[in-house]
Amino acid sequence: MFTITEVYNNIPCREGLTTDWGFSCQIEEAGLLFDTGAKGDVLLSNMQALGIDPAGIRRLVLSHDHWDHIGGLEAVLAANPSIEVYVHDAFSEKTLSLIREHTEPRIVAEWTEIADGIAVTGPLGTDIREQSLAIAVPNGYLVVTGCAHPHIARIVARVSEVGPVLGVIGGFHSVSGEDIEALAGVAYLSASHCTDKIAELKECYPGSFQPGGVGKVHRF
């Protein structure tokens, strides 16, 4: 079983947590943090409220080099400088230098398994390069995205080359008609953060749609 807890989101879900523009979630069983939101103090405050010890984070995956996904990076590195940090070829020298003050970044170029049952897709897209998580669950994969700048249809297609996509969690950014069609077979759909058509997705897929937000816990 995997337990995915959203620790940073501009959409509220649970009382006692701070909402702020950005995204981050924790995969408890792997000691993995995906993205860091925009502000380190908000990230650490929410983690504390959720009972998550930042020193227990062993792996950090960054989806893309935008402020609302890497803003808490320094705070995480300060709490655990021995952490493994996974980035890709589109990250700036400024971000890479910050990571190198604590640990050597691991540059992901393609589909890479980084923990038991968890892989990084490698960077997709052209204008904004971005990578996502693919988590092995019974009979397929759960995809976790930061903003889905390459479009969620492209991300789903990439993961589908390895196995069926059963669920998608995170920000979907600009949702096209192709994106909506690509989500037709997904059994668990939780769009949040920067998704521009949350209401439309909920209307199209009422049986699979699950509200996301800071404090939301997804279990598979």
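The values are calculated or read from the model by the stated rules, or taken from the named source; none is laboratory data. Quick caveat: nothing in here was measured; it's all calculated off a predicted structure. Don't worry about glycine lacking a Cβ; one is built from the backbone with ideal geometry, like all the others, and counts go over all protein chains shown. Remember, those area values only see protein heavy atoms, side chains included, never the ligands or the DNA or RNA. Shrake-Rupley method; radii C 1.70, N 1.55, O 1.52, S 1.80 Å.
Go through segment 30-79 and count every residue that is closer than 18 Å to residue 95 by Cα, surrounded by fewer than 21 Cβ atoms within 10 Å (Cβ to Cβ) and among the charged types (D, E, K, R).
Final tally of qualifying residues: 4.
Let me confirm something: among 11, 27, 52, which residue is touching a His at 6+ places or on another chain (Cβ under 8 Å), touching a residue at least 24 places away in the same chain (Cβ under 8 Å) and among the aliphatic types (A, V, I, L, M)?
11
Taking segment 69-98, which residues are outside any helix (DSSP H, G or I) and among the aliphatic types (A, V, I, L, M)?
83, 85, 87, 90 - these are the residues of segment 69-98 that are outside any helix (DSSP H, G or I) and among the aliphatic types (A, V, I, L, M).
If you scan segment 166-182, which residues turn out to be acidic (Asp, Glu) and either open to solvent by less than 20 Å² (accessible area, probe 1.4 Å) or modelled with pLDDT under 95 (or both)?
Result: 179, single match.
Is there a residue in segment 93-101 that is within 26 Å of residue 10 (Cβ to Cβ), crowded, with 20+ Cβ neighbours inside 10 Å and more than 12 Å from the chain's Cα centre (by Cα)?
yes
Those residues that are closer than 22 Å to residue 29 by Cβ and open to solvent by 60 Å² or more (accessible area, probe 1.4 Å), I need them from segment 183-199; list them, please.
Selection gives 187 alone.
Out of curiosity, is residue 98 under 25 Å from residue 73 (Cα atoms) and touching a strand residue (DSSP E or B) at 6+ places or on another chain (Cβ under 6 Å)?
no
For residue 163, state whether it is modelled with pLDDT of 95 or more, outside any loop (DSSP other than H, G, I, E, B) and either touching a strand residue (DSSP E or B) at 6+ places or on another chain (Cβ under 9 Å) or surrounded by 20 or more Cβ atoms within 10 Å (Cβ to Cβ) (or both).
No, not satisfied.
Suppose we filter segment 46-68 for residues that are under 18 Å from residue 130 (Cβ atoms) and part of a helix (DSSP H, G or I); how many remain?
Total meeting the criteria: 2.
Inside segment 107-150, can you point out the residues that are in contact with a His (Cβ under 6 Å, 6 or more places away or on another chain) and acidic (Asp, Glu)?
130
Scan segment 200-220 and report the pairs whose first residue is farther than 18 Å from residue 11 by Cβ and open to solvent by 40 Å² or more (accessible area, probe 1.4 Å) and whose second residue is of a type in the set (Phe, Trp, Tyr) and modelled with pLDDT of 95 or more, with Cβ atoms within less than 9 Å and a gap of 6+ or a chain change.
Between residues of segment 200-220 that are farther than 18 Å from residue 11 by Cβ and open to solvent by 40 Å² or more (accessible area, probe 1.4 Å) and residues that are of a type in the set (Phe, Trp, Tyr) and modelled with pLDDT of 95 or more, the close pairs are 219/2; 220/2; 220/188.
Given the residues 90, 55, which is the only one that is over 16 Å from the mean Cα position of the chain (by Cα), small (Gly, Ala, Ser), at pLDDT below 95 and under 20 Å from residue 106 (Cα atoms)?
55
Suppose the filter is surrounded by 24 or more Cβ atoms within 10 Å (Cβ to Cβ) and part of a helix (DSSP H, G or I); does residue 155 pass it?
For residue 155, the condition - surrounded by 24 or more Cβ atoms within 10 Å (Cβ to Cβ) and part of a helix (DSSP H, G or I) - is met.
Is there a residue being in contact (Cβ under 8 Å) with a residue 24 or more places away in the chain and among the charged types (D, E, K, R) anywhere in segment 150-163?
Among the residues of segment 150-163, at least one is in contact (Cβ under 8 Å) with a residue 24 or more places away in the chain and among the charged types (D, E, K, R), which makes the answer yes.
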